[in-house]
There are 2 protein chains.
Amino acid sequence: MSSRLLPLLSLLLVTVLPPAAAIWPAPQSYTKGNTTLYLNQNIKVTYNGASVCWSHPSSTENGCCLNEELSNENLIHQQLPYTYGYSPSGASSKEIVQAGVSRALAGIFDSKFVPWVLHKPNSKFEPDVYAGQNWLKTLEIVQTAEDKPSAFKPLDNEVNESYNLTISTGGDVKLSAVSSIGILRGLETFTQLFYQHSTGTSWYTPYAPVSIQDAPKFPHRGIMLDTARHFFPVEDILRTIDAMAWSKLNRLHVHVTDSQSWPLVIPALPELSEKGAHHPSETYSPADIERIQKYGMHRGVEVYFEIDMPGHIGVVSLSHPELIVAYNEQPYYWWCAQPPCGAFKLNNTAVDNFLGKLFDDLLPRLAPYSAYFHTGGDELNKNDSMLDDGIRSNSSEVLQPLLQQFIDTQHSRVRKAGLTPAVWEEIPLDWNVTIGKDTVVQAWLGDESIKKLTGMGHKVIDSNYNFWYLDCGRGQWLSWENGEAFKTGYPFNDWCNPVKSWRLIYSHDPTAGLTPEEAKLVLGGEVAVWSETIDAMTLDTLVWPRASAAGEVLWSGRIDPATGQNRSQIEATPRLNEFRERMVKRGVRASPIQMTFCVQGEAWECEYVM
Amino acid sequence: MSSRLLPLLSLLLVTVLPPAAAIWPAPQSYTKGNTTLYLNQNIKVTYNGASVCWSHPSSTENGCCLNEELSNENLIHQQLPYTYGYSPSGASSKEIVQAGVSRALAGIFDSKFVPWVLHKPNSKFEPDVYAGQNWLKTLEIVQTAEDKPSAFKPLDNEVNESYNLTISTGGDVKLSAVSSIGILRGLETFTQLFYQHSTGTSWYTPYAPVSIQDAPKFPHRGIMLDTARHFFPVEDILRTIDAMAWSKLNRLHVHVTDSQSWPLVIPALPELSEKGAHHPSETYSPADIERIQKYGMHRGVEVYFEIDMPGHIGVVSLSHPELIVAYNEQPYYWWCAQPPCGAFKLNNTAVDNFLGKLFDDLLPRLAPYSAYFHTGGDELNKNDSMLDDGIRSNSSEVLQPLLQQFIDTQHSRVRKAGLTPAVWEEIPLDWNVTIGKDTVVQAWLGDESIKKLTGMGHKVIDSNYNFWYLDCGRGQWLSWENGEAFKTGYPFNDWCNPVKSWRLIYSHDPTAGLTPEEAKLVLGGEVAVWSETIDAMTLDTLVWPRASAAGEVLWSGRIDPATGQNRSQIEATPRLNEFRERMVKRGVRASPIQMTFCVQGEAWECEYVM
């Protein structure tokens, strides 16, 4: 009988209870009340005591004054609500904060977000706008320390992203942080406390008083985007950066070239993209790269680049065939993981000169906005050097010293440009190449790799393919001939099937099975967007909100400090539903994770409890 | 050595060979040449000898004259290239053909389609526009029989969709068909023969002379769309109908209600959607329904509806609790497959009166545009009637006669309204309910069900969940509590995991394992879009081009008549790549199936051949 009473009881409850406050990722500490406060354009914003001019591009109003500089600035993504932003040429903390305030407030006013949970069929929880409105009066922003020059291109652990946010029942908001990046994080949290009233005339939070103390668990929280197997237009990358900032993700790792294409325009070597891009329209100019990096910097998202080598570089053969072995060799699986094959010749002066020229052009342009440069190093096939006239061997004993020298040379160039190298795990683990203590190693082959790498003292980024590869599980890109080949391929699943659902992604702890000493070396993680079967059409739906699920693990931690236990799907699901709805309203085509019935109802109706 | 020579040889070849002509689905018979003919707005179009006024909405030009009626007609999807269409109030063959010609020609001119395969990095195959242009002069359309009244709402096998299409090197196009629907199919094929020149100033086909004889293998080629677990705005449904017509799919089965919501406005019972829709904005008015049906009719896509009963109907409890048992009972899995549970009371006068009123309102509105009405019947849980005060039993012996009577009564109402009933397979197979010989049975539980049903003499639609359920494989909608429940759910795959890739979908033959007699009873199939985790954000990317893969099996047949063997992925892949690209240009966010490198290159580079 209890099972039959429970629904009735709960139906009664949902008609009177306000919704849970859905902040994603969850703050470290969070208390709230149930007083409703309203927000409009009259809120007075200060930053370290001075008035902040914030601007609302869709109207002539703004927070304190008509500011020529702001109103003339480049409005990006004008067709999308909320995703516009300001790109001042400099990077002053004031400008960063001012633009952040503008995005946060304009976002609340423009996103028209009335969540499902507030207007379900059998409940009308919403404050009565006609019963008197108490208004937010001030948003007082205090930054407690001056930003270091590295604040906008930090190494992991180099910037303090923590913040404190309080809203008093009297209508005063206080946001304090050590860095301007921390202030951006707090502004995003502030945004997520507000709804538009369904009357369409008011914005409010029903949660005052609010007190939040927050800080990230891991400093490196990212997405790796492969722009070589499919090209992604600049606008799609900027939109991705917006959604990353909403999820408090802070690293966009662009895997910008691979054997399939070279979209990156290198003025000193124009033939690379002329011959190697899929099409002249599918290239990133130096101005595009700077635009992407600046856009990220303004949102606390550091954009860094990878040129994968010495494997995964076949495309260079189209312009420089003398530098490459095994280009598009067949059958491809003898020579590499995926067509077209192709690797740099090791121990080759021409290759070294080429890379000198490439890095001299590229790295000084990236360094103002990046702390890292990734030199790749995954899946190098030993057989390739069998075809290299200068080597003719697939013996590790022969190849290892050559690879060591290759990495040493390139990494010293990276360091000379003021950047810190990153590599895939195969470089130290499979090839026993010695790398610098500064070098970050990206692990993708699982927990065991992380254990080994941290055991060796390496700093690690976790991209465990069993959990955090977003491309997996939707079928192969390869075509099978009828007959025996067909039988071999059937049922045509890809190598990392199945799809990693948000629940699986959310269940993964990058430090699982590590000692405390080892765990300290895990800087964070990146979900991977390999693009064999992903392009601009599918980017949003495949990345969001799954990347946000990893985002919460990386920001809030797998363990919930309130319980000391793993975070619970039951607690997370309604928050992720609401966050996903908010993303859609902000112009990102995020996938639904539950049917509307579950989103509208109390979570228990769509839960499995034993 | 042969493996090393092959790439070089092939690179030479791709620079001189024109692309394969990519028509999707493949015509039954198709020969082509290599003469290039150009197309512009001066082409003279006739239909049974009379001039056809076709109209190009994005310009003031049209094919023969300024036609007030056409130019004033409702332009749908103005924001999308190619997806606009004309909705004359009547259904004359002339209007159908005229609008079809307008869509086909405007589509060629507007879609700006230059396929990847024509501008790959190492090949520049494209006709030289400056070397003289031979133009298409006439498009002569001949319909060889008058359309029967049923032509625009046919029962399966009631309309002849075959057509013949020829293009002479002299520039004369002849399209003949028995019905106007056949003409629409031929016009779509015509469209797929054309590209825009990359100079942007010309449209051309490089394939003249062309000779195509074509006809569908199966009369019923459809998509089932669930609008109850998530609502789909009318515009999204119209766009889906557009893409269906491009794929020569001809049945849109709208699973319009389920236990989760009732979006269908019934003027005689307004409380159903008032209480049962997710929100007042998430409803289909009678005008919406007619708009959708007419839009389909103009594109040769019959839209028919399902109200699933006597299970999957819990939502009625929100307005008529006296008619429903087990609404939202918990734990749900004792009472149904998914929350909220709820079934009609069997053997209940009030239920019967309710359905009389519902059908009297609804069916006369649907019948002008539909041949079928689907009464559902899947997954009825026997336990539900344990809670029915009038029954208090879960014994099949008690329930079967009641269900028989329920089906008999409702189906006779369906027939009285001029519609033919359809049901899910459980009604005859699990419940041994006797159904009329006219009734179509939709099978979803696999090949064995089809074998049984056709063995019993039933007409069958195939929706085998192992192949043709498009919702599968992206993870569960259910949330698991930490602890034992978490372990039970891990790794949180859904029941029909993995994702059905287009290759798996394409491998499925609805008549596999049947005798010729049994095979005749298979009318075709429908891919299913259950919407637990699909909404308007993800609809396009999850449906396309996977539904097109089923579309080719259903139109062209699993067997290739040219070889007598199963159709080959190797042959199909480049065609589907090109068709998918064309869909994107026409405004549908279809997913990529291969990386650009494979799409641009010769297919062999991304093939597995033994």
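The values are calculated or read from the model by the stated rules, or taken from the named source; none is laboratory data. Every value quoted in this text rests on a predicted model; they were computed, and no experiment measured them. Cβ: placed from backbone, ideal geometry, glycine included. Neighbour counts: every protein chain shown. When the accessible area is computed, the model is the full protein with side chains, heavy atoms only, and any ligands, DNA or RNA have been set aside. Shrake-Rupley method; radii C 1.70, N 1.55, O 1.52, S 1.80 Å.
Below, the figures for the structure above:
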quantity: Heavy atoms of residue A:570: accessible area, 1.4 Å probe, square angstrom to 10; calculated: 40 Å²
quantity: Accessible area in the full protein assembly, largest first, 1.4 Å probe, for B:481, A:306; calculated: B:481, A:306
quantity: FRET efficiency, residue B:604 to residue A:432 (Cβ-Cβ, R0 41 Å, nearest 0.05); calculated: 0.65
quantity: Tilt relative to chain A, helix A:396-416 - C-alpha long axis, 0 to 90 degrees, to 10; calculated: 50 degrees
quantity: Heavy atoms of residue B:451 accessible to a 1.4 Å probe, total area in Å² rounded to 10; calculated: 80 Å²
quantity: Nearest-ten-degree value, helix A:546-556 long axis tilted from longest Cα axis of chain A; calculated: 70 degrees
quantity: Point-to-point label distance, residue A:125-residue A:138, nm (Cα→Cβ direction, 7 Å offset); calculated: 3.2 nm
quantity: Cα gyration tensor shape for the protein assembly as shown, rounded if a/c is under 1.5, else prolate or oblate; calculated: oblate
quantity: Exposure ranking of B:210, A:609 by accessible area [1.4 Å probe, largest first]; calculated: A:609, B:210
quantity: Segment B:318-381-segment A:530-603 distance, computed between alpha-carbon centres (Å); calculated: 33 Å
quantity: Cβ-derived FRET efficiency at R0 30 Å, residue A:34 paired with residue A:158, nearest 0.05; calculated: 0.15
quantity: Probe 1.4 Å, protein heavy atoms only - accessible area per residue of chain B in square angstrom; calculated: 34 Å²
quantity: Sum of side-chain charges, residue B:251 neighbourhood, beta-carbon under 10 Å (Lys, Arg +1; Asp, Glu -1); calculated: -2
quantity: Normalised contact order of chain B, rounded percent, pairs of Cα under 8 Å and 6 or more residues apart; calculated: 15 percent
quantity: Shortest-first nm distances, residue B:412 label point to equivalent points in other copies (7 Å, Cα→Cβ); calculated: 9.5
quantity: Size of charge dipole - the protein assembly as shown - debye, nearest 20, with Cβ of Lys, Arg +1 and Asp, Glu -1, no other charges; calculated: 860 debye
quantity: Within the protein assembly as shown, helix-based [θ] at 222 nm, where runs of 4 or more DSSP H residues each add -39,500 (n - 2.57), nearest 500; calculated: -9000 deg cm²/dmol
quantity: For residue A:290, inter-copy label distances in nm, listed shortest first [label point 7 Å out on the Cα-Cβ vector]; calculated: 6.0
quantity: Within segment A:169-183, backbone nitrogen closer than 17 Å to the virtual label 7 Å beyond the Cα of residue A:48 toward Cβ; calculated: A:175-183
quantity: Fraction of beta bridges assigned by DSSP in the protein assembly as shown that are antiparallel (%, nearest 5); calculated: 35 percent
quantity: Packing-based order for B:154-160, A:174-180, B:183-189, using average beta carbon neighbours within 10 Å, highest first; calculated: B:183-189, A:174-180, B:154-160
quantity: Simple Cβ-charge dipole of segment A:222-556, Lys/Arg +1 and Asp/Glu -1, about Cα centre, in debye nearest 20; calculated: 760 debye
quantity: Nearest-0.05 FRET efficiency for residue B:382 and residue B:412, computed from C-beta distance (R0 35 Å); calculated: 0.90
quantity: Debye, to nearest 20: dipole size of chain B, +1 on Lys, Arg Cβ, -1 on Asp, Glu Cβ; calculated: 1760 debye
quantity: Nonlocal amide H pairs with residue B:420, under 5 Å, H built at 1.01 Å; calculated: B:372, B:373
quantity: Positive-end extreme of charge dipole, the protein assembly as shown - chosen from A:498, A:170, B:396 (charges on Cβ); calculated: A:170
quantity: Cα-projected label distance for residue B:169 with residue B:349, points at 7 Å along beta-carbon direction, nm; calculated: 8.1 nm
quantity: Residue pairs, from the table A:275/B:112; B:148/B:459; A:112/B:248; B:94/B:174; B:153/B:585, whose Cα atoms sit over 28 Å apart; calculated: A:112/B:248; B:153/B:585
quantity: Simple label model, 7 Å out from Cα along Cβ direction - residue B:490 to residue A:285, nm; calculated: 5.2 nm
quantity: On Cα atoms only, tilt of A:93-110 relative to the major axis of chain A in degrees; calculated: 60 degrees
quantity: Chains A and B together, accessible area buried on both sides, 1.4 angstrom probe, square angstrom; calculated: 7500 Å²
quantity: Shortest-first nm distances, residue A:213 label point to equivalent points in other copies (7 Å, Cα→Cβ); calculated: 8.3
quantity: Residues with amide H under 5 Å from that of residue B:277, placed H, sequence gap 5 or more; calculated: B:262
quantity: Shielding score for B:326-339, defined as the mean number of other chain Cβ atoms within 10 Å; calculated: 4
quantity: Within the accessible area of the protein assembly as shown (1.4 Å probe), percent carbon and sulfur; calculated: 53 percent
quantity: Nearest-10 value in Å² for the accessible area of residue A:515, using the 1.4 Å probe; calculated: 60 Å²
quantity: Farthest positive-ward along the protein assembly as shown dipole, Cα basis, beta-carbon charges - from B:150, A:272, A:199; calculated: A:199
quantity: Part-to-part distance (alpha-carbon centres) for segment A:251-270 and segment B:150-219, which is given in Å; calculated: 43 Å
